[in-house]
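Q: Here it is, the structure, as structure tokens.
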Amino acid sequence: GNSVTQMEGPVTLSEEAFLTINCTYTATGYPSLFWYVQYPGEGLQLLLKATKADDKGSNKGFEATYRKETTSFHLEKGSVQVSDSAVYFCALSEGGYQKVTFGTGTKLQVIP
Amino acid sequence: NAGVTQTPKFQVLKTGQSMTLQCAQDMNHEYMSWYRQDPGMGLRLIHYSVGAGITDQGEVPNGYNVSRSTTEDFPLRLLSAAPSQTSVYFCASRSPGDETQYFGPGTRLLVL
């Protein structure tokens, strides 16, 4: 079956530091890949997505590139802010009525 | 659009009590899901529905029932609450043509 593995947290960074959160996946087909973000006390919301190999998703300064050869979708941001403190989930979907598979989440804390 | 709404936001139950967690969406999405979120375990799928009158089990269905009489509503029923069901519950919806999931704000449940 499908699976998503992401780095364990928590990750603590100083403001303006560079962020990488690793995500690798296993899938039987050609999935779409997602990063969702969950701010404290809220539900998850889509941060970015990529639907095919070599696509780059980007939003709010975050980026992730769909790497089929390494089955990875690492999340990066060049300069984090305190407001980026949240839990980040990597996920995959094979579309249609297929279920979405989520990673366990990585908590990011950014300190001033 | 209100998106996905959930009620209540917080609930305390005693072991053996029953309750229904409500979920509604106004986006005309066919696909709706219930997840539970526990520390270190990410999101686990409880039940899902691909349309009115159609439901199926996810990874952790035991102790929960669902029904889908309309496109908009997808309630989750706990027939006899147990402390192991203490968790945060999220409802989500999506369209088959759009792989993005839209999440509700969550219901925090404590079973004593």
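Q: Sort the following peptides by mean Cβ neighbour count (other Cβ atoms within 10 Å, averaged over residues), highest first: A:26-32, B:29-35.
A: Answer by packing, highest mean first, reads B:29-35, A:26-32.
Q: Once you average over the residues of A:36-43, how many Cβ atoms of partner chains fall within 10 Å of each Cβ?
A: Across the residues of A:36-43, the mean count of other-chain Cβ atoms within 10 Å is 4.
Q: How many Å² of accessible area per residue for the range B:1-99, probe 1.4 Å?
A: Normalised by residue count, the accessible surface of the range B:1-99 is 46 Å².
Q: Let me ask something else. If you restrict to DSSP beta bridges whose two residues both lie in chain B, what percentage is antiparallel, to the nearest 5?
A: Bridges in chain B that DSSP calls antiparallel: roughly 90 percent.
Q: Also, quick follow-up: Could you work out how far apart the two model spin labels at B:Met27 and A:Thr51 are, taking each label as a point 7 Å from the Cα in the direction of the beta carbon, and quote it in nm?
A: Result for the modelled spin labels: 1.5 nm.
Q: Okay, next question. Between A:Thr70 and A:Ile111, 0.36 nm times their residue separation minus their Cα-Cα distance comes to what?
A: Contour length minus Cα-Cα distance gives 11.6 nm.
Q: Given 0.36 nm per residue, what is the gain on full extension from A:Thr20 to A:Asn59 after removing their alpha carbon distance, in nm?
A: 12.6 nm
Q: Separate question: Express the accessible area of the range A:3-112 per residue in Å², computed with a 1.4 Å probe while the remaining protein chains stay in the model.
A: Result: 47 Å² per residue.
Q: When the accessible area of chain B is split by element with a 1.4 Å probe, what percent falls to carbon and sulfur?
A: Reported share for carbon and sulfur atoms: 50 percent.
Q: Another question about this same structure. Percent relative contact order of chain B, based on C-alpha pairs within less than 8 angstrom and at least six residues apart?
A: 36
Q: In debye, nearest 20: dipole of the range B:8-70 around its Cα centre with unit charges on the Cβ of K, R (+) and D, E (-)?
A: 260
Q: Assuming 0.36 nm per residue, please report the length gained on full extension of the stretch A:Tyr39 to A:Leu13 beyond their Cα-Cα distance.
A: Gain on extension, A:Tyr39 to A:Leu13, equals 7.7 nm.
Q: Residues of the range B:84-112 losing 20 Å² or more of accessible area relative to the isolated chain, 1.4 Å probe, heavy atoms only?
A: For the range B:84-112, once contacts with the other chains are taken into account, B:Phe90, B:Arg94, B:Pro96, B:Glu99, B:Thr100, B:Gln101, B:Phe103, B:Pro105 lose 20 Å² or more.
Q: Tell me, what HN-Hα J-couplings in whole Hz come from the Karplus equation 6.51 cos²θ - 1.76 cosθ + 1.60 at θ = phi - 60° for each residue of the range B:105-112, using x for Gly and Pro?
A: 3J(HN,Hα) across the range B:105-112, in whole Hz: x, x, 10, 8, 10, 10, 10, 9.
Q: Leaving out ligands, DNA and RNA, and with a 1.4 Å probe, what % of the accessible surface on chain A is carbon or sulfur? If you can, show how the numbers build up before the last one.
A: Values: 2510 of 5360 Å².
The C+S portion of the solvent-accessible surface of chain A is 47 percent.
Q: While we're looking at this one, here's another question. Report, as an integer, the average count of C-beta atoms from other chains found within 10 Å of each Cβ along B:36-42. Don't jump to the answer; show the numbers that get you there.
A: Details: counts 0, 7, 1, 2, 3, 3, 11.
Mean partner-chain Cβ count within 10 Å for B:36-42: 4.
Q: Which of the pairs A:Lys56/A:Lys107; A:Lys68/B:Lys9; A:Lys77/B:Lys9; A:Lys56/A:Lys99; A:Lys52/A:Lys77; A:Lys56/B:Lys9 have their Cα atoms more than 29 Å apart in this structure?
A: From A:Lys56/A:Lys107; A:Lys68/B:Lys9; A:Lys77/B:Lys9; A:Lys56/A:Lys99; A:Lys52/A:Lys77; A:Lys56/B:Lys9, over 29 Å: A:Lys68/B:Lys9; A:Lys77/B:Lys9; A:Lys56/B:Lys9.
Q: From the phi angles alone, apply the Karplus equation (6.51, -1.76, 1.60; θ = phi - 60°) to the range B:59-65 and give each ³J(HN,Hα) in whole Hz, x where the residue is Gly or Pro.
A: After applying 6.51 cos²θ - 1.76 cosθ + 1.60, I find 6, 10, x, 5, x, 10, 10 Hz.
Q: Just how large is the dipole of the protein assembly as shown about the Cα centre, in debye to the nearest 20, putting +1 at every Lys and Arg Cβ and -1 at every Asp and Glu Cβ? Don't skip to the answer; put the middle values down first.
A: Values: 17 positive and 20 negative charges, 99 e Å.
Result for the protein assembly as shown is approximately 480 debye, rounded to the nearest 20.
Q: Ballpark to the nearest 100 Å², how much total accessible area do A and B bury together, probe 1.4 Å?
A: For A against B, buried area totals roughly 1700 Å².
The values are calculated or read from the model by the stated rules, or taken from the named source; none is laboratory data. Treat the numbers as computed from the prediction; the structure is a model and nothing was measured. We place every Cβ from the backbone using ideal geometry, glycine too, and count neighbours over all the protein chains shown. These accessible areas exclude ligands, DNA and RNA; they are computed on the full protein's heavy atoms, side chains included. Shrake-Rupley method; radii C 1.70, N 1.55, O 1.52, S 1.80 Å.
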